[in-house]
Each structure stands twice: as C-alpha cells, then as structure tokens.
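Here's the structure we're looking at; comments come further down.
The values are calculated or read from the model by the stated rules, or taken from the named source; none is laboratory data. Bear in mind that the values here come from a model prediction, so they are computed numbers and not experimental data. Note that we place each Cβ from the backbone using ideal geometry, even for glycine, and neighbour counts take in every protein chain shown. Quick note on the areas: whole protein, heavy atoms, side chains included, nothing else; ligands and nucleic acids left out. Shrake-Rupley method; radii C 1.70, N 1.55, O 1.52, S 1.80 Å.
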Amino acid sequence: MIHLPHLITDLGLILGAAALVTLLFKRLKQPLVLGYLIAGFLVGPNFHLFPTITELASIQVWAEIGVIFLLFSLGLEFSFKKLLKVGAPASITAIVKVAVMVFLGYLTGKFLGWSTMDSIFLGGLLSISSTTITLRAFDELGVKSRKFAGLVFGTLIVEDLVAIVMLVLLSTLAVRAQFSGAEMLLSTGKLVFFLMLWFLAGIFILPTALRRAKKLLNDETLLITALALCLLMVWLATAAGFSPALGAFVMGSILAETTYAEKIEHLIKGVKDLFGAVFFVSVGMLINPVMITEYALPIGIITLVTILGKVWGSAAGALLSGQSLKTSIQAGMSLSQIGEFSFIIATLGLTLKVTSPFLYPIAVAVSAITTFTTPYFIKASEPFYRWVDKILPTPVRDALNRYSSRSQSVSTAGQWQLFLRSHLINGILQTVIIVAMALLSGYYLLPFIQGQMGDTVWSSTLALLLTFAAAAPFLWALAIKQPRAETLERIWEQTRSKGAFVFFQVVRLVAAVLLVGFLIDRFFS
C-alpha cells in the first residue's frame, strides 16, 4: 500500500477547510481572513468534530513561508521612495504608539496581579501590530491606495524595526535583570548598517543585473529569480540576527525600484495567496476554548486595553506628526491588533523561563479577537471620524487643522541646508561602504592570504593594503572632496562666516581618520 505523507494530507485538510469556510464568508460579504481563522480552529487540535491536523510543526514551517511571501509582496508595493515620503510621520506614530502600549501593558499586568517580568513582556507583546493581518484586511477592503494606508504601512515597518531592538532589550533584561544600553545601541547600529548596505546593493547592483539579463527573463525565469532573491535576503537577514520577515520586505522594496516590479507582483500573487492562507489558518489552530474560558476576564481586559490603547496611541502619534484628524483616526483604527511579533515576544519569555505559562495562550486569544475586529474597525473608521469631527469644539478643530497645515507645508531649504543634507547622506553611505569592505576583508580576504603566505605580519599588511586601496576613493570623497567654488560662495553668504563650514570639514576629516583606524584594527589589533 502506498504511504501518503501526513504533510500532504494536512495541507489538503487545511486548504479544503479554508475553501469551504471562505466561500461561505464571501457569500456573507465578510472579511476572508476571519474565515481562515475559523477554518484553522475547525481543523486544529482543540476541536474534534472534524479531522485534525497531525503534523503541527510542519504546518508552522509553511506558515512562516506565508509570512515571508506576504512581506515580500508588501515590499513590492511599498518602495523605498514611498517609505521616505512617510518616514518622519510613520516614525513618530510608531514610537508614540509603542511607548503608550508598553506603559499600558505594564500597568495592566500589575493590575491583574502578575509579576513584574510578566507585566513587562505583556507591554512588549501588546505594542507591536500585525503587518500581515493589516495588509490582508487592506487587500480585501480595497483601501491600499488611500492616504492613511501609506502612513499605516510606514508605521508597521518602523514597528518591526523597533520590535527587533525590543527583543534584544527583553532578552538582556530577562538574563541579567537589567537593561544594557550598550547592547541596545549595538543592535540598533547593526540594524541601520545592514539596511543601508542592502539599500546600496539594491540601488547600484540589482537593477543593472536585471537590465543585462532582460532578454533571458520570461515569466518563468523572472518568477524563479524573484523568489530566489527573496529567500536569499531572508537567509542573509537571519544570519545577521534579524527577522526573516524584515529580509523579505527589504528585498521586495529593492525590487520595487526596478522596471519589473509590477510584473513580479503579478507573478507572485498566487504563491502569496496560497502560503498566506496557510499562515492565517495556522493562527486559527492556536485558538484554545478551554484556555480562553479559564482566563476569560484577563483576556477581556487585555483586549479592551489593546484596542482602545492602540487606537488612541496611534491617532495621537499621527496627530503629533502633523497628519490630519481624519488620517490619524483611520490609521489608529487600522492598527488595533497584535500579531506575529507578539507571538515571538511571548515565546521568548517562555524559552528563557522568565514568564508564566499562561502568557502565550492569552496572547494568542487576544490576537485572534483583535484579528476578528480589525476589518470592522477599518470599515468603521471614516464614520467614526465624521462623528468625532461633529462633536469636537470648533476651536479645537481649527487648532488641529492649523497644526496639520503648518506641519505639512513644504518650506524651501537654503543652500547651506541642502549642502548639509546631501553631504550627510553621502557621508553615511560612504561610511557604510568602507565598514562593509573592512568586515568582508577581515572575514574572507585575510584568511585567504594567510592560507597562501602563512599567518605573518606580511600577510596582514598585504590584506590591509588591498583593502585600503579599494576603500581609498570613498575615503577621499568622505574627507577631502570639496564642493564647487560657486557653491562655496553661496554657502558662505548664507552662513555669514566660514566657521560652520570649517567645523563641518573637521568633522569629515575626523570621521575618515576613525575609519582608517577601524581598517587597521581589523588586521593589526
């Protein structure tokens, strides 16, 4: 008798249940993501009237692949240029929301009588919203092109970056019972460095390679190439200590800057829908009615705190960043859920044995409930805004409109500001390239030369000279290259003295000297 692997039967069961339930939800005109959650519960280990999944671990792997392709698809639609446009508002919104939810989560844990560590982890897992759930809800409701959707996407991206730093902080706190500022700065700097390195590679290398291979790229080869690039970036991000989802998003954003973005998005849609369905069904499989009944009161309180806190915190952050009242309320009501990063934070606490066993199932229950409510909150955001706008006192409404108008008005930057901005950006990019060259030479070039010449001073000197020769153009541009004479004259006229310019030149020179020291230290400690 032929043996059929359980993975195949499990996949058939998942897709069959998802198809039946989502067809019903489609007829009832309800969000499909809710149907996936119910389908997951019906075939999961906590419901026994229907056949049950047997290999949960394998399904979780498929679900992780679903998250990767969902984030890759999001990156294709949300390029670096779009991210830069909403960069400041999204960053302010994300930071305010995270700070509010960490504080509210900690207070809620203490109110429920939990330990300090449980309360801290609760604040952490409540602070991050779900990119995948929000993206899917936007897809189904057809609001991705609306103004508030861009702000929401940018906020979610910033939150994912904040979540990586938060994981480091929580790990340090759990192990050492104190925060480590040095580790936090190291993690943040490492994250910025790799993001800029990937950005440079995507801008200067990938588009050129795709243009040269244009004649070879039909639909099949383009799909395979895009998937390979996505998974390669996922591997690089994981090896660097970041989340696979971040790597997938970064590669999607890089490909979004190429001429093949729309075609790749079309080709990848079927793959994204398949694995995305598996992801949402796998979340539904985690719903445990017994645990929900046992902790019904804490789950209800935490769900209420999550929804109200996130709506208020996100809207306040958006208003503070200069967005209109309408955009702020719509963004706040779109970010009222917790998601995949919350599971990671809850799992971290269990793995380090610093949190109670009930925290993870509570997080799953709150995630399931807020996932159910998210599409309805998005649909209700505009009517809710109209109601708020109607009841607001006229002076308050006028003050908010004036603040938003002032914040979004574009002022013309002077020559000195333009000079500083361009040279700061160029300096950062040059620094990233030089540091990357030093690291690559230390890891690969030096061992190769030592294998040929032996571990001697001469081998280290040769490796240093070769690296310095490669980095010399970037060091020269960073420390010595000067603007044109007419630009200098305009800068001096605007600053009325050469002091600011001289100070800037000294900073450039000091940065170059420090980088040279870093290069030498890689080969001669």
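Okay, here's what the table says:
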item: Within the accessible area of region 306-392 (1.4 Å probe), percent carbon and sulfur; result: 72
item: Virtual spin-label span in nm between Thr208 and His6, 7 Å along Cα→Cβ; result: 5.1
item: Two-site label geometry, Leu466 and Leu15: point separation in nm, points 7 Å out along Cα→Cβ; result: 5.0
item: Length gained when the stretch His266-Val457 is fully extended (0.36 nm per residue, less Cα-Cα span); result: 63.2 nm
item: Cβ-defined net charge surrounding Lys29, 12 Å radius [Lys, Arg +1; Asp, Glu -1]; result: +2
item: Residue-span extension gain [Leu274 to Thr351] - 0.36 nm each, minus C-alpha spacing; result: 24.7 nm
item: 5 angstrom amide H check on Val143, placed H, neighbours 5+ away; result: none
item: Prolate/oblate/rounded call for region 249-343, Cα gyration tensor, a/c under 1.5 rounded; result: oblate
item: Rough spin-label spacing in nm, given labels placed 7 Å along Cα→Cβ, for Ser405 and Leu304; result: 4.0
item: Highest-first arrangement of 303-309, 353-359, where packing means the average Cβ count within 10 Å; result: 303-309, 353-359
item: ³J(HN,Hα) computed for each position of region 10-21 - Karplus, 6.51 cos²θ - 1.76 cosθ + 1.60, integer Hz, glycine/proline x; result: 5, 5, x, 5, 4, 5, x, 5, 5, 5, 5, 5
item: Sequence ranges 432-445, 457-470, 127-140, 213-226, ranked by mean other-Cβ count within 10 angstrom, highest first; result: 127-140, 432-445, 457-470, 213-226
